[in-house]
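To start, the structure itself, in structure tokens.
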Amino acid sequence: MSETLEQLFGSKEKMRLIRFFLLNPEGDFDVKEIVRRNMLNMSATRRELTNLLKIKFISKHLRKGRAYFAFNQNFTFYPELKNLITKANIYPKSNSLVRLKNIGNVRFAAISGAFINYPKSKADMILVGDGISRGKLRNLMNCLEAEIGKEIDFVLMTSEEFKYRLNMLDKFILEFLEGPHEELVNKIPHLHQLIANLK
């Protein structure tokens, strides 16, 4: 779906910027932060920001001599674009999600929240694993955040911690697993049976 919207909007840069501002409508950001958070080229970003300013999709103001950009919430097509972007974010076939297996011994990974358009979820992702590389995990999250246009609220646990929290009937874990979610990795034997027995 993301590739379809890139074609529709003309470029990856424009698509990511539109999504970024729509999903972060209250913020204002300088060019460096926009480039960093969306993993874009500086010159292409400047060009697309100029185009978005021309159609009044965003506004620009100066603070301490630095330019900041913010979404114009009075933009004519705001509701329609927000609806389109939200639909495109439902469990994106994200290139970065396949890299989960490279960050360590991932035993369980599930997504909810921003990934499947379920705002009631208290987390976007739960990761359970051992020997997880913090550097690779941080890089993965940066890529995912650039792809979906907002910060990812994730929880990382070791296998032992996950088992302990399940046995303690941890409300957060149970609510996440009982609510809408998609499992990406599940190497925990009989997890579904265990959860069913805990109810």
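Worth pointing out:
- Fully extended contour minus Cα-Cα distance, from ASN117 to MET168, at 0.36 nm per residue: 15.5 nm
- Extreme residue, positive dipole direction of the chain, given options LEU84, ALA44, ILE34 (C-beta unit charges): ALA44
- Under the shape rule built on the C-alpha gyration tensor, where the axes satisfy a ≥ b ≥ c, region 2-88 is oblate, since a/c reaches at least 1.5 while a/b does not exceed b/c.
- When both region 32-78 and region 166-187 are represented by their alpha-carbon centers, they are found 38 Å apart.
- Estimated from helices alone, the mean residue ellipticity of the chain at 222 nm is -13500 deg cm²/dmol (sum of -39500 (n - 2.57) over DSSP H runs with n ≥ 4, per residue).
- Placing unit charges on each Cβ (+1 for Lys and Arg, -1 for Asp and Glu) gives the chain a dipole about its Cα centre, and among ILE148, PHE115, LEU62 the Cα reaching farthest toward its positive end belongs to LEU62.
- Region 102-183: C-alpha gyration tensor shape, a/c 1.5 cut-off, then a/b vs b/c: oblate
- Links that overshoot a 19 Å alpha carbon limit, given the list LYS32/LYS150; LYS12/LYS60; LYS122/LYS150; LYS101/LYS163; LYS32/LYS122: LYS12/LYS60; LYS101/LYS163; LYS32/LYS122
Computed from the coordinates by the stated procedures, all read-outs in this text should not be read as laboratory data. Note that the structure is predicted; figures quoted are calculated from it, not measured. Note that we place each Cβ from the backbone using ideal geometry, even for glycine, and neighbour counts take in every protein chain shown.
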